[in-house]
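Quick note: the coordinates plus some simple rules give every number you see, no bench work behind them. Treat the numbers as computed from the prediction; the structure is a model and nothing was measured. A quick note on method: Cβ atoms are made from the backbone with ideal geometry, for glycine too, and the neighbour counts reach across all protein chains shown.
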Amino acid sequence: MELNQAIETRRSIRKYKDTPVTAQDIARIVEEARFAPTWKNSQTVRYHAVLDPALKDRIAEEGTCQFSKNMQNIKSAAALVVLTTVDGIAGYEPDGTPTTPKGSHWQSFDAGIACQTFCLAAHGYGFGTLIMGIFDEAKIRELIGLPEGESISALIAVGYADEAPAVRPRKEAGALLEIL
Ligand SMILES: Cc1cc2nc3c(=O)[nH]c(=O)nc-3n(C[C@H](O)[C@H](O)[C@H](O)COP(=O)(O)O)c2cc1C
């Protein structure tokens, strides 16, 4: 798939087929996502892939702040990736002082770039994805046994799409762009 076509045709998928997603499938996607750029090439983004249906269901039921749409999204998808970042590196000097006034902003920035790179790579391999920002970090941390020092940046549902949603409305480029 052409890169520009991939960018334009990726959609958030909320209804998935029952077809399983394997550890090899996720590994193939991460093989691509690892090329995402990061702060000083610090590469602090981690991908915790939940394929076990029982654990995935517990995350859906107990880790979504009772937001029923995400509960359903996670149950529908064959796999759930918990995207995390190692704290205190992106945006910081080795002695722990912030390199810029934006402090920990760069940790989230790296996570966002990696997240979209993961979703585009998945799209290229024929998978649908959904990025989710509404989740109970403490509960999911407990459920997946996430160590201290890593924060959850986003959840990504992964599976074979069972819907083909139309593109959601976008502003015209002219409304977003200023040429100086
Ligand atoms: C940071 C972020 C958080 C999001 N959180 C959720 C979420 O919790 N639940 C959900 O259903 N969609 C979520 N979305 C998906 C957006 O609603 C979706 O990307 C947007 O409506 C545009 O649709 P598209 O991805 O199909 O182009 C999130 C997207 C982003 C980038």
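A few remarks follow.
- Computed from the Cα positions only, the extents of the range 1-150 along the three principal axes stand at 48, 39, 25 Å, in decreasing order.
- Taking other C-beta atoms within 10 Å as the exposure proxy, Thr117, Thr85, Thr100 rank Thr100, Thr117, Thr85 from fewest upward.
- Residue order for Val167, Val81, Val158, Val21, fewest other beta carbons within 10 angstrom first, comes to Val167, Val21, Val158, Val81.
- The residues neighbouring Tyr125, those whose beta-carbon lies less than 14 Å from its own, together hold a net charge of -1 under the Lys/Arg +1, Asp/Glu -1 convention.
- Coordinate range of the alpha-carbon atoms in the range 36-79 per principal axis, descending: 38, 21, 14 Å.
- Base-10 log of normalised Debye intensity for the range 1-57 (one unit scatterer per alpha-carbon) at q = 0.21, 0.31 Å⁻¹: -1.15, -1.21
- Neighbour cut-off at most 11 other Cβ (10 Å), DSSP loop, GluC sites (Glu not before Pro), the range 26-107: none
- Cα-centred dipole magnitude for the range 1-70, charges only on beta-carbon of K, R (+1) and D, E (-1), debye, nearest 20: 200
- Here's the picture: charge each Lys and Arg Cβ at +1 and each Asp and Glu Cβ at -1 in the chain, and of Tyr160, Gly145, Leu80 the one pushed furthest to the positive end of that dipole is Tyr160.
- Value of relative contact order over the chain, rounded to a whole percent, pairs C-alpha under 8 Å and six or more apart: 33
- The residues neighbouring Ser108, those whose beta-carbon lies less than 14 Å from its own, together hold a net charge of -3 under the Lys/Arg +1, Asp/Glu -1 convention.
- Here the sum of -39500 (n - 2.57) over DSSP H runs of 4 or more residues, divided by the residues of the chain, equals -11000 deg cm²/dmol at 222 nm, to the nearest 500.
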